[in-house]
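Have a look at this one.
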Ligand code: 0GY
C-alpha cells in the first residue's frame with residue numbers, strides 16, 4: 001500500500017457544513033464536484049501537482065443528501081491524472097444518481113471509452129491551468145475530440161481568462177458541447193462591461209454549443225467571503241444572458257484553496273444572489289444539467 005502525505009498547507013473541506021436556508025428545487029444536480037481517493041484504495045497520480053486529503057464517495061453522498069441535491073456530476077480531479085477509477089467508482093455506487101467527466105490521454109481506446117460511457121461518463125475535461133497540469137497542444141486534444149465523437153460526449157475546458165485568446169480558435173472549432181469551468185475565471189477587479197469579460201460573453205454569444213459553469217466565487221473573488229460581492233454581477237450576467245446553458249456545482253472538496261474553506265451550505269445560499277428567480281434557478285440546477293447528463297433518459 002502506498003502512503004500519501006497530504007501537502008503541508010492543504011486546507012481540508014469543512015466536515016460540518018451548515019444546512020442551506022435556500023431549499024433547492026426538486027431534482028437539483030451538483031454539477032461540479034470531485035472525489036479524492038481515498039489514496040490507499042485509489043492512488044494519486046505520480047505526475048500530480050498536489051496531494052490532497054482523502055475525500056471519498058461516502059462523504060460526497062452524505063454532502064449531497066445534507067444539502068438537498070438529488071444528483072452529482074463528478075469531474076475527474078487532476079491529482080488522479082488520467083486514472084479515472086475513483087470517479088468511476090462513485091458512478092457505480094451512485095444508483096444512477098451520478099455522472100462523470102473523465103480525463104483521458106490521446107491513446108485512449110474505443111473500448112475504454114465505451115466502458116466509461118456505460119458507467120455514466122458523459123464528457124472529458126481539458127485542463128489548461130498550468131499550476132495543475134502541463135497543457136498539451138491543440139492537436140493532442142483534437143485526437144481526443146475525434147475519439148469521443150461516437151459517444152456524443154461534451155468537452156469541459158478549464159482555463160484562466162488570460163489564456164482564452166490563445167485557445168479561441170480551437171475552442172470555437174469544436175462540434176461538441178463545450179462547458180467552460182468557473183466562467184473562464186474572470187478578473188473581477190475589471191468591469192463586467194469591460195473588453196475582457198465581453199470577449200468571454202462573445203464566446204458564448206457566437207457559439208451556441210458553449211456552456212458555462214457559474215461556479216467557484218471563492219476562487220474568483222478578490223473582495224472575498226462571506227459575500228463575494230464582486231463575483232455577483234459576472235455570474236448574474238451569464239445566467240440572465242444564457243439561462244439554458246449554465247450549470248452550478250459546489251466544487252467540493254475544494255482543491256487548492258488557501259486561507260478560506262467554504263461552508264457548502266452557505267455556497268448553496270449564494271445561488272439566490274446570482275439566479276434571482278425560480279425559473280432561472282430551475283434551469284441552472286435541474287433542467288440544464290439533466291439535459292446534458294441524463295438527456296438519454298428524459
Ligand atoms: C476545480 C479547480 C481546481 C482544481 C481542479 O482537478 C483539479 O485539480 O479542478 C483548482 O485548483 O482551481 O475546478 O476544482
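Ranked highest first by the average count of other Cβ atoms within 10 Å around their residues, in what order do 33-44, 162-173 fall?
On the way: 33-44: 20.5, 162-173: 14.2.
The peptides rank, most packed first, as 33-44, 162-173.
At q = 0.12, 0.20, 0.21 Å⁻¹, what log₁₀ I(q)/I(0) does the stretch 26-174 have when each alpha carbon counts as one equal point scatterer in the Debye sum?
Computed log10 I(q)/I(0) values: -0.51, -1.31, -1.39.
Let me check against my output: what whole-number percent is the relative contact order of the chain, with C-alpha pairs under 8 Å and at least 6 apart?
Working: 514 pairs, mean separation 65.3, N = 298.
Relative contact order here is 22 percent.
What does the convex hull of the Cα atoms of the stretch 212-295 come to per residue, in Å³, rounded to a whole number?
Details: hull volume 7.8 nm³, N = 84.
Taking the convex hull of the Cα positions in the stretch 212-295, it is 92 Å³ per residue.
Can you tell me the order of 215-223, 141-149 when each peptide is scored by its average per-residue count of other Cβ atoms within 10 angstrom, highest first? Please list the in-between numbers first.
Numbers: 215-223: 18.8, 141-149: 17.1.
My ranking of the peptides, most packed first, is 215-223, 141-149.
Order these by the 10 Å Cβ neighbour count, fewest first: 211, 294. Show your work: numbers first, answer last.
Working: 211 21, 294 18.
Placing the least packed residue first, the sequence is 294, 211.
Also, I was wondering about something else. For the chain, what is the calculated [θ] at 222 nm in deg cm²/dmol (nearest 500), taking -39500 (n - 2.57) for each run of four or more DSSP H residues and dividing by its residue count? The partial results should precede the final answer.
On the way: 11 runs with 99 residues, N = 298.
Here the helix-only value at 222 nm equals -9500 deg cm²/dmol.
Could you state, as a whole-number percent, how many of the C-alpha pairs of the stretch 1-66 are farther apart than 15 Å?
Details: 1305 of 2145 pairs.
Counting every Cα pair in the stretch 1-66, those more than 15 Å apart make up 61 percent.
Can you give me the distance in nm between label points at residue 277 and residue 40, each placed 7 Å from the Cα along the Cα-to-Cβ direction?
5.4
Between residue 85 and residue 189, how many nm apart are label points set 7 Å from Cα along the C-beta direction?
For the pair residue 85/residue 189, the computed spacing is 4.4 nm.
Now, a different point. Which value in Å is the Kirkwood Rh of the chain over different Cα pairs? Intermediate values should be presented prior to the final figure.
Details: mean 1/r = 0.0520 Å⁻¹.
It works out to 19.2 Å.
State the antiparallel share, in %, of DSSP beta bridges confined to the stretch 29-297, rounding to the nearest 5.
Numbers: 1 of 24 bridges.
The antiparallel fraction comes to roughly 5 percent.
To continue, here is another question. For the stretch 87-231, would you read off the P(r) tail past 19 Å as a percentage of all alpha carbon pairs? Walk me through the numbers before you get to the answer.
Working: 5888 of 10440 pairs.
The proportion of pairs with Cα distances above 19 Å equals 56 percent.
A short reminder: the numbers here are calculations on the coordinates, not readings from a lab. Keep in mind that this is a model prediction, so the values were computed, not measured. Reconstructed Cβ throughout: ideal geometry from the backbone, glycine too, with neighbour counts over all protein chains shown.
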